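A short reminder: the numbers here are calculations on the coordinates, not readings from a lab. All figures in this text were calculated on a predicted structure; none of them were measured in a lab. Virtual Cβ from ideal backbone geometry, glycine too; neighbours counted across all protein chains shown.
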Amino acid sequence: MYKLEKIKLLPARERVGSALRKAIISGEFKSGEVLVLEDIADRLGVSITPVREAFQMLDAEGLIELSHNKGAIVQGMSREDISDHYELRGILESAAIRLACERSEKLDDLIEIHNSSLEAKSKGDINKYSDLNQSFHMEIWELSKNKKLVSTLSNLWNGLSASNAISESQYAEISFSEHENILNAMIKGNVNLAEELMRNHISRSEKTMTNHY
């Protein structure tokens with residue numbers, strides 16, 4: 001029987017928000033650029049509803065400004081804004097993995113996700129790897145058994161943090177290696193090491209982004 005792989009994904013509005021947040025953080029969308037609701041929905045292949053909800057999320061974060069006549073205007077991010085974003089992610093993801101180690105004994109799903117990501121990476125399927133990268137982090141959040149933490153991290157998620165100077169396939173190689181070290185620390189029950197590796201993982205993502213911003 002064909003074995004289905006576990007892939008956990010954020011709700012549509014948060015996936016749209018993640019895609020837009022990543023585009024703003026990476027500089028793909030420039031400050032002052034106008035984002036049209038229908039155009040973004042068409043480009044992402046989704047309905048207007050999750051895009052409208054994502055616009056509201058990003059407006060609350062200060063990344064865009066809603067305009068009744070123009071849709072939304074990109075406010076952009078400074079290097080300090082990006083550093084603040086990743087600093088908060090580092091703090092929360094480190095807390096999540098510590099709680100996961102302390103509160104959850106079964107790591108079967110996390111191991112399965114990691115193995116599936118190896119297969120996707122080996123085949124050069126970066127879109128699938130990106131989904132599984134998200135699944136890996138989400139599984140750790142959920143293992144923390146803290147719903148508020150899961151919700152907050154979901155809103156901060158910005159996907160693979162590749163910059164213009166490094167391809168997503170190169171980034172996947174780095175990301176997978178770091179995930180493997182994190183997983184091994186969790187399997188061994190080394191909470192402090194797992195927490196440190198996660199903090200370094202997020203910090204390195206920040207450097208990848210800001211070094212070429």
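Using only alpha-carbon positions, what ratio does the radius of gyration of the stretch 12-74 give when scaled by 2.2 N^0.38 Å? Spell out each step's value before the answer.
On the way: Rg = 10.2 Å, N = 63, 2.2 N^0.38 = 10.6 Å.
In units of the globular-protein estimate, the stretch 12-74 measures up at 0.96.
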Which of the trypsin sites (Lys or Arg not before Pro) found in the stretch 97-130 are in a DSSP loop and have at most 10 neighbouring Cβ atoms, other than their own, within 10 Å?
-> Lys106, Lys123
Cut-off 12 Å (backbone N to label point 7 Å along Cα→Cβ of Arg103), residues of the stretch 120-145 | 140-145
Rg/Rg_ref, the chain, where Rg_ref = 2.2 N^0.38 Å and atoms are Cα = 1.02
Specify the inter-centroid distance of the stretch 8-39 and the stretch 52-67, based on alpha-carbon positions, in whole Å.
-> 10
Among Glu105, Glu168, Glu142, which one moves the most in a GNM of the chain with springs linking Cα atoms closer than 10 Å?
-> Glu105
